[in-house]
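Colleague: The structure follows.
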Amino acid sequence: MTTAAAPDPLAVLDRGGVQFAAVLGRVPESAWAGPTGCGEWTVRDLVAHVVGGQRLATLLLHGAARDEGLAALAGDFLGDDPSAAFAREHTACVAAFREPGALERTCAHPMGDIPATMLLGFRIGDLTLHSWDLAHATGTDETLDPVLVETVWANVSPLGDAIAQTGVFGEGPSGTVPGDAPLQARLLDFTGRRP
């Protein structure tokens, strides 16, 4: 019996961008100042976080120091057209990851020096989970791309109960979602989301 090969992570990054752009395109004009399930962030703050993450990854892949990368996130870079800002930064991010040798680099991420492959995993995770956060906050379709769900699950599930201690995923898993629940439901619960 053969197992399916894992999808190309750069193709998965592309899928993450397609999904996030689709959810972003459905945000009603009245929702931008509304709350999300992500702490104190408004919908606009959440989108700025994702767009900023793409921008930061591009800079780090091009050799920016930690402080330089963080400084580039200051100010309002969404402007009057958040969809266009996302498209611009996502395109640049994908291009940076596709440069020859990019995945062999070490990046000066705010959490410490990390391999570019880990940075790529972070970007896929952000695009996937925050697509759901954005859809949930704005009352639009919350269905996630199953390839993205499977990829993020493969990256985070080995963290087990320690995921709650990272401080990134809220309280972590609730322990109430059965092991035979759909994978999207398990992933959302595992990462501290309570639909």
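For every residue, the table says whether it meets (1) modelled with pLDDT of 95 or more; (2) out of contact with any Ser or Thr (no Cβ under 7 Å at 6 or more places or on another chain); (3) not acidic (Asp, Glu).
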site	(1), (2), (3)
LEU119	yes, yes, yes
HIS130	yes, yes, yes
GLU142	yes, yes, no
LEU148	yes, no, yes
ASN155	no, yes, yes
GLY167	no, yes, yes
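Colleague: Which condition number in (1) part of a loop (DSSP other than H, G, I, E, B); (2) more than 15 Å from the chain's Cα centre (by Cα) is the one that SER30 fails?
Modeller: (1)
Colleague: Just wondering, is there one or more residues in segment 108-119 that are in a helix (DSSP H, G or I) and over 22 Å from TRP153 (Cα atoms)?
Modeller: No, there is no match, as no residue in segment 108-119 is in a helix (DSSP H, G or I) and over 22 Å from TRP153 (Cα atoms).
Colleague: Quick one: VAL23 ticks every box in (1) modelled with pLDDT of 95 or more; (2) farther than 25 Å from VAL149 by Cβ except a single one, so which number is it?
Modeller: For VAL23, the failing item is (2).
Colleague: Give just the number: which of (1) touching a helix residue (DSSP H, G or I) at 6+ places or on another chain (Cβ under 7 Å); (2) surrounded by 14 or more Cβ atoms within 10 Å (Cβ to Cβ); (3) under 25 Å from VAL149 (Cβ atoms) does PHE122 not satisfy?
Modeller: Only one criterion in (1) touching a helix residue (DSSP H, G or I) at 6+ places or on another chain (Cβ under 7 Å); (2) surrounded by 14 or more Cβ atoms within 10 Å (Cβ to Cβ); (3) under 25 Å from VAL149 (Cβ atoms) is unmet by PHE122, namely (1).
Colleague: If you don't mind, there's one more thing I want to ask. Pick from segment 44-75 the residues that are in contact with a Cys (Cβ under 7 Å, 6 or more places away or on another chain) and not small (Gly, Ala, Ser): which of them is nearest to GLY25 (Cα to Cα)?
Modeller: Selected residue: LEU46.
Colleague: So which of ALA84, ALA95, ALA154, ALA162 is part of a helix (DSSP H, G or I), surrounded by fewer than 16 Cβ atoms within 10 Å (Cβ to Cβ), under 15 Å from the mean Cα position of the chain (by Cα) and among the aliphatic types (A, V, I, L, M)?
Modeller: ALA154
Colleague: Would you call THR91 touching a helix residue (DSSP H, G or I) at 6+ places or on another chain (Cβ under 6 Å) and within 25 Å of ALA11 (Cβ to Cβ)?
Modeller: Considered against the rule, which asks whether it is touching a helix residue (DSSP H, G or I) at 6+ places or on another chain (Cβ under 6 Å) and within 25 Å of ALA11 (Cβ to Cβ), THR91 comes out as no.
Colleague: Still on this structure: Can you pull out the residues in segment 120-139 that are of a type in the set (Gly, Ala, Ser) and either touching a strand residue (DSSP E or B) at 6+ places or on another chain (Cβ under 9 Å) or part of a helix (DSSP H, G or I) (or both)?
Modeller: Hits for segment 120-139 are GLY121, GLY125, SER131, ALA135, ALA137.
Colleague: Out of (1) crowded, with 18+ Cβ neighbours inside 10 Å; (2) of a type in the set (Val, Ile, Thr); (3) within 21 Å of LEU144 (Cα to Cα), the odd one out for THR58 is which?
Modeller: Failing condition for THR58: (3).
Colleague: What pairs come up if the first residue lies in segment 84-102 and is more than 13 Å from GLN54 (Cα to Cα), the second is of a type in the set (Asp, Glu), and their beta carbons are under 7 Å apart, counting only those six or more places apart or on different chains?
Modeller: none
Colleague: Regarding SER174, is this residue surrounded by fewer than 18 Cβ atoms within 10 Å (Cβ to Cβ), on the phi < 0 side of the Ramachandran plot and of a type outside the set (D, E, K, R)?
Modeller: Yes.
Colleague: Could you say which residue among ASP189, ASP126, ASP133 is in contact with a Pro (Cβ under 7 Å, 6 or more places away or on another chain) and closer than 20 Å to CYS38 by Cβ?
Modeller: Step by step, each of ASP189, ASP126, ASP133 is checked, and only ASP189 is in contact with a Pro (Cβ under 7 Å, 6 or more places away or on another chain) and closer than 20 Å to CYS38 by Cβ.
The values are calculated or read from the model by the stated rules, or taken from the named source; none is laboratory data. On a predicted model such as this, the values are computed, not experimentally measured, just so you know. Here the Cβ is made from the backbone with ideal geometry for all residues, glycine too, and neighbour counts use every protein chain on show.
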